[in-house]
Amino acid sequence: MTAGTTPVRLKNLIAGRWTDSVAETTTPVFNPAHGTVQAEVPWSEPEEVDAAVRAAAEAYPAWRETPVAARARVLFAYRELVGRHAKELAEIVTSEHGKIITDAMGSVIRGQEIIDFACGIPTLLQGDSSELTGPGIDCVSHRQPLGVCVGITPFNFPAMVPMWMIPLAIGCGNTFVLKPSEKTPRTSERMLELLAEAGCPDGVVNLVHGGKETVEALVRHPQVRAVSSVGSTAAALATYRLAANEGKRVQALGGAKNHLVVMPDADLDMTVDSIIGAAYGSAGERCMAISVVVAVGDVAEPIRERLAAAAGALRTGPGMDPANDMGPLITAEHRDRVASFVDQGVSGGADLVVDGRGLVVPGHEDGFFLGPTLFDHVKPDMTIYTEEIFGPVLCMVRVPDFESALALVNAGKVGNGTALFTRSGHFAREYERRVEVGMVGINVPIPVPMAYYPFSGWKGSFFGDLHVHGRDGVAFYTETKVVTKRWPRPEEVKGPDFSFPQST
Ligand code: NAD
């Protein structure tokens, strides 16, 4: 949408119908490259949340009884449609998030890969069976759906993160209500339109717009069985606590502060290229972005010099222009918050090597831009180190040796991702074994697991037990039932037995 166009008011999807919200309160969806408002998101009222959950509950019995191969066929059709519409979806992501178009495309494809994985749901749902667990007794286990599941998603991956949840949840036979990010809801809307086109029955997946209050109403709803939530640590913890208090199953993914450790023997060209992409890609608005470089020993000076040159050469501008490396931030408010962290870094005594504040992109003066920023000599007690900035601000910490680097990383409150760059198998193995972070890269800067492994943050980056996607995702969206059975002939039936049964 271009400047001057009237913003559209978004609708909720309830029982297969896009429905006007009765809400009076709305919040704007921007085009961050232009600084214009493209849509208004209604802050849905409690009765609308209730209607969405009831629609999912009504659709559940028939969907649960739909043969698993038929559910898989919907997913196969969906993965084809998402592939066919990938460019369109990426353009919506860029228009509302700001990230560059190739990055947006990558996130759509990553989402599609989860659908690929979910297409194997007939096999993924298989239980176990054992003959002769006792005399004439056999045992089987089934994975059965839970009922209505809810998904709460963040602004930074509006195509991919809903796909962490929906394909597996519905593949397992559940129905779903999505509460997308209020900042990037249009991509999620389009994803659900395509799901309906793929043959997903009305009411199986619903969407209700809003914010914190909407989340709380969904989590509290008595017909909701499970909650998947992705966002900042504060939101994740609040949702985890509320859901647990309500007796609901919950997986809540939080924020991050990801460290990349550079050993003195690392290949510097590869390391610097990796750091630059991981720190400034998506303007640092990724939960797996690298925001801290830990330079070990005398690698600090050459790394600083190369990072400064590379960061200073990046092109920042609208994400639709393929010549750019980095787009704008999500809102003016967030851009100002990131800039205020840079101010605090300077006043706190860190060495500002590259300053992205005050960047103006010609022709996009109202866009929410902030250029790549690099600090050196950052100390662990500075706010630029302790807080998740979620912007293009990279902090370099200098440490004398590997053990100090490992201790620094392990002292973190969050533990989403980390990476070690080295040529030493010994240090790589030590890091892999001893680091207290859930996703680890060895010479890989953003070690996001593929769909068939769980996305597995630790500490304040995750609250719950079963992570999203992979086999964890299937376990999260199902309940195990174990059946013990025997078919004795009449003459084998004995009288009551008051001792605890034994297997022999
Ligand atoms: P956010 O926490 O502001 O919002 C995330 C979602 O939670 C939104 O749908 C929002 O409406 C809702 N929400 C906000 N406050 C809430 C509250 N108090 N209680 C319940 N729900 C609430 O996050 P954001 O700004 O949209 O996204 C960026 C954050 O998400 C960053 O911290 C980033 O690290 C994190 N994130 C984490 C992962 C991960 O896998 N761990 C992935 C993507 C983003």
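None of the figures in this text is laboratory data; all of them are computed from the coordinates on show. A quick note: this is a predicted structure, and the numbers were derived from the prediction, not measured. Glycine gets a Cβ as well: all are built from the backbone with ideal geometry, and neighbour counts include every protein chain shown.
Things worth noting here:
- Residues with amide H under 5 Å from that of Asn206, placed H, sequence gap 5 or more: Phe176, Val177, Leu178
- Cα principal axis extents for region 315-368, largest first, Å: 37, 22, 15
- The residue among Gly356, Tyr385, Leu192 whose Cα reaches farthest toward the positive pole of the charge dipole of the chain, with charges on the beta-carbon of Lys, Arg, Asp and Glu, is Leu192.
- DSSP beta bridge pairing in the chain, given as percent antiparallel to the nearest 5: 40 percent
- Derived scalar couplings between HN and Hα for region 88-102 equal 4, 5, 4, 5, 5, 4, 5, 5, 9, 9, x, 4, 5, 4, 5 Hz in order, rounded to whole Hz, by the Karplus curve 6.51 cos²θ - 1.76 cosθ + 1.60 (θ = phi - 60°), x for Gly and Pro.
- When peptides 54-63, 265-274 are sorted by average Cβ neighbour count within 10 Å, with the highest value leading, the order is 54-63, 265-274.
- Backbone phi angles across region 443-456, fed through the Karplus curve with coefficients 6.51, -1.76 and 1.60 (θ = phi - 60°), yield HN-Hα couplings of 6, 10, x, 10, x, 6, x, 5, 4, 8, 10, x, 7, 10 Hz in residue order; Gly and Pro are listed as x.
- Convex hull volume per residue in cubic angstrom - Cα atoms of region 231-321: 138 Å³
- The share of C-alpha pairs in region 194-242 whose separation exceeds 12 Å stands at 70 percent.
- The Cβ shell under 9 Å around Val414 holds other residues with a net charge of +2, Lys and Arg each +1, Asp and Glu each -1.
- Sequence-separation-based contact order of the chain, relative, with Cα cut under 8 Å and 6+ spacing, percent: 18 percent
- With semi-axes defined as the square roots of five times the eigenvalues of the C-alpha gyration tensor, the equivalent ellipsoid of region 113-203 measures 35, 12, 12 Å, largest first.
- Computed as a quarter of the hull surface, the mean projected area of the alpha carbon convex hull for region 398-504 stands at 12.9 nm².
- Computed across region 138-275, the Kirkwood radius stands at 16.7 Å (inverse of mean 1/r, all Cα pairs).
- Histogram of C-alpha separations across region 43-192, 10 Å bin width, %: 11, 34, 31, 16, 5, 3, 0
- Under 13 Å, Cβ to Cβ, from Asp138 - net charge with Lys/Arg +1 and Asp/Glu -1: 0
- Debye-sum result for region 289-343 in log10 I(q)/I(0), which assumes one identical scatterer on each alpha carbon, at q = 0.23, 0.26 Å⁻¹: -1.07, -1.10
- When only alpha carbons are used to place a centre, region 130-147 and region 349-376 end up 61 Å from one another.
- Per residue, the Cα convex hull of the chain amounts to 171 Å³.
- More than 15 Å apart - percent of Cα-Cα pairs taken over region 95-154: 73 percent
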